[in-house]
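Quick notes on the structure that follows.
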Amino acid sequence: MVSPQFLPTPVAAAGGTGASTSTSPGTARTLDDAYGRTARDLRVSLTDRCNLRCTYCMPAEGLDWMPTEQALSDDEVIRLIRLAVESLGVRQVRFTGGEPLLRKSLEAIVRATKALRTDEGVAPTTALTTNALGLAVRAEGLKAAGLDRINISLDTTSPELYAELTRRDRIRDVYAGIDAALAAGLTPVKVNAVVMPGINEDGIEDLVDFALDKGLQLRFIEQMPLGPREHWRRADMVTAGEILERLGRRFTLTPAAEPRGAAPAALWDVSDGARSGKLGIIASVTHPFCGACDRTRLTTDGAVRSCLFSSQADEVSLRDLMRAGASDAELADAWAGAMWRKKPGHGIDDPGFLQPERLMSEIGG
């Protein structure tokens, strides 16, 4: 069971339901839930497609991609982002996938997002999570469009293991993308690495060396049950504690002074005497941060997910409402209602936990 200290406490619903008050564009409103949390961070999946076939994310033969007509159009994506930022209190927008660089209109969507103003009167913070394939030729354009930060997935520095994990020999393209992101000023450039037992756990020190040499912020992530079902067993996973214990044999690790807030990563100052930097640990399984979660998600086909681990039965399709002629006020009500019903935690450790029907490539990170 999830420890109660990581779960929020229910609060009384405003007006009795927490999701029944209509709004219009420009009206102050936030995406609150029944446990006192407010969603300020929107994750938008721009495509379910990917040009890698990572073993922990999808089967070797890939997936049946979503038909184009089922995915949100550019206008629909921008409309929902505008609604979230201007009417529902969202202050940060992160673009995910699949692989968001496969969306040819990515720069235009970023530019339209950056032109908006939040409830604080400033442009929303924009970020991108990517595998970096093709980033080398687009980093400057994304920065010019208004992208602020970037997260790049890289689970190993070994070309052979990278090719085995991703089923593609493309690590040189990732390195080129990292260099381009640094040159474009998309900082801090963060590198996400999922640690898997018996696969890449022996290379985590090499990843730290690479990050310190490049000036990157490395973030180790506990493997979560979001890929093919046979690839995750709770008893086998490499925990945050084991990662820190192993790194502590070579590096000096000190908890970072800055407050964590709602960030998923617990930050550490890391040093080997000659080099220093920041290291993040995302312990979604062993130390869940559900009580501080401030995220709301839109899938590629326009469904609201209140949690990465929501079931499809919990989703609300804003796409269907839009295409049926819903007003912004009606969309806002539906979005707020979906978030009000958010569960207190993801429940990975609960005996009755069921892995989401959608895989990570379909949900968006």
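Read the figures in this text as sums done on the coordinates, not as results from a lab. Given the structure is predicted, the values throughout are model-derived calculations rather than measurements. Cβ atoms come from the backbone with ideal geometry, glycine included; neighbour counts cover every protein chain shown.
Worth a mention:
- Here the Karplus relation 6.51 cos²θ - 1.76 cosθ + 1.60, evaluated at θ = phi - 60°, turns the backbone of segment 168-183 into coupling constants of 8, 8, 10, 4, 5, 5, 5, 4, 5, x, 4, 4, 5, 5, 5, 5 Hz, with x for every Gly and Pro.
- Alpha-carbon geometry of segment 160-213: the Rg and the Dmax are 12.3, 36 Å, given in that order.
- Gyration tensor verdict on segment 267-346 (Cα atoms; rounded if a/c is under 1.5, prolate if a/b is larger than b/c, oblate otherwise): prolate
- Volume of the Cα convex hull of segment 145-291, divided per residue and given in Å³: 140 Å³
- Per-residue Cβ neighbour rank within 10 angstrom, fewest leading, Phe289, Phe220: Phe289, Phe220
- Inter-label distance for Ala256 and Ala163, nm, one decimal - labels placed 7 Å from Cα along Cα-to-Cβ: 3.5 nm
- In this structure the amide hydrogen of Arg43, modeled in the peptide plane, comes within under 5 Å of the amide hydrogens of Arg94, Thr296, Arg297, Leu298, none closer than 5 places in sequence on its chain.
- Contour excess over end-to-end distance, with Cα ends at Thr187 and Ala274 and 0.36 nm allotted per residue: 29.1 nm
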